[in-house]
Amino acid sequence: MSDMQVCTIAKRGKKALILDPSCSGPITLLDGSLSELLAEHGVCKLQYLEAKPLDDPSYNSGDVQLVDVKNIVYIVRATLQNAQLVANHVRGARTRPGAHDFSVYFVPRRTIACDKVLEDEGVYGDIQLGEYALELLPCEEDVLSLEMEYAFRDCVVDGDSSSLFYVARAIMRLQSMFGLIPRLQGKGPAAVAVRDMALRMRRENPMITAAVGYRKSAEAGGEFARSVKGSTLLNSTDPFYREFRDLPYHIAIQRLQHYARDARREYTELGNKDLSELKTFVKGLPKLMMLDRLSDIATPVAEQILTRFATELSDF
């Protein structure tokens, strides 16, 4: 489930979504059919955040009147200006007690400064707060962007390095999903700062290494299957190959050894079988012979993968 879906289904029933205009373009990059996606999750009205009260005519045109919608969900950048606009909306709605339930999701994360604005305006307790980690967005096949248009001004003019933290956090999230990036490169002091933060986050978050280790284990399972395939005639039509080809190597080994033990036990018990059991045994003989051979092939392959896997993990 995407973060956008989590934001929109947090409140049951019909709801209005009020977007920061600067978030509209990036969110559209996530799904071209944004309107249909929102409608599926109960969003009956979509508006942009403006310096106007909720009962303003611009908010209440069309078939659905904003003043009649119980649940109001905001997705806005974590700026002081946006926090103030939201506070104005909530405070203005107090003339109709109980008319609205407010939820605010700050992009890309909730900040102390925005919380302070809501507290100072006396509306902090009237809002359900959260954050929407709108991070790396696919602009092209080989281009990812955070779409933070004021990042340069924040860093250079205002001395606010929050955007660099967001870049580092996005890199960490990318690694947790797709594997460790062995080499981080950039140009300039800001890029160096991002690299240092990402490396520090990696050291402080062992879950990244664990996730990458699991991924490498899964990749090793695929390599195990390919290696075994190179030694014997196997393809996707074979039920046993189809079963273990995508398993992590250690699970594939255990399963093959289990099958091989069963096959050898069948051999040892051959003298105790009656005629009908012998007929059944003969029918399954090709399978037993293949399993016995697979166990002999798998052992050296597994030892090679285990050695390389341990070496790669020691480099993290």
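The values are calculated or read from the model by the stated rules, or taken from the named source; none is laboratory data. The structure displayed is predicted, hence computed values, not measured ones. Glycine also receives a Cβ, built like all others from the backbone with ideal geometry; neighbour counts cover every protein chain displayed. Side chains are part of the model used for accessible areas, which takes the heavy atoms of the whole protein and leaves out ligands, DNA and RNA. Shrake-Rupley method; radii C 1.70, N 1.55, O 1.52, S 1.80 Å.
Largest first, the residues ARG261, ARG195 sort by 1.4 Å accessible area into ARG261, ARG195. In this structure MET148 has an accessible area near 50 Å², from a 1.4 Å probe over the protein heavy atoms. Accessible surface for HIS41 stands near 40 Å², nearest 10, in the context of the full protein assembly shown (1.4 Å probe). Taken along the Cα-to-beta-carbon direction at a fixed 7 Å, the label points for VAL67 and GLN81 span 2.8 nm. Full extension of the segment from HIS41 to ASP196, taken as 0.36 nm per residue of separation minus the current Cα-Cα distance, would add 51.8 nm. Report the FRET efficiency, 1/(1 + (r/R0)^6), for ASP126 and GLN254, where r is their Cβ-Cβ distance and R0 is 51 Å, rounded to 0.05. Approximately 0.35, to the nearest 0.05. Gain on full extension, evaluated as 0.36 nm per residue between ARG265 and ASN205 minus their Cα-Cα distance, stands at 16.9 nm. Residues ASP142, ASP120, ASP101, ordered by accessible area of protein heavy atoms at a 1.4 angstrom probe radius and largest first, appear as ASP142, ASP120, ASP101. Rounded to the nearest 10 square angstrom, ILE251 shows an accessible area of 60 square angstrom against a 1.4 Å probe. Computing Rg and the Kirkwood Rh from the Cα coordinates of the range 111-203 gives a ratio, Rg/Rh, of 1.04. Computed from the Cβ-Cβ distance with R0 of 22 Å, the FRET efficiency linking MET177 to GLU141 stands at 0.80. Extending 7 Å from the Cα toward the beta-carbon at both ASP154 and SER58 defines two label points whose distance is 2.5 nm.
A compact globular protein would have a Cα radius of gyration near 2.2 N^0.38 Å; the ratio found for the range 81-120 is 1.22.
Residues LYS187, LYS45, LYS116, ordered by accessible area of protein heavy atoms at a 1.4 angstrom probe radius and largest first, appear as LYS187, LYS116, LYS45.
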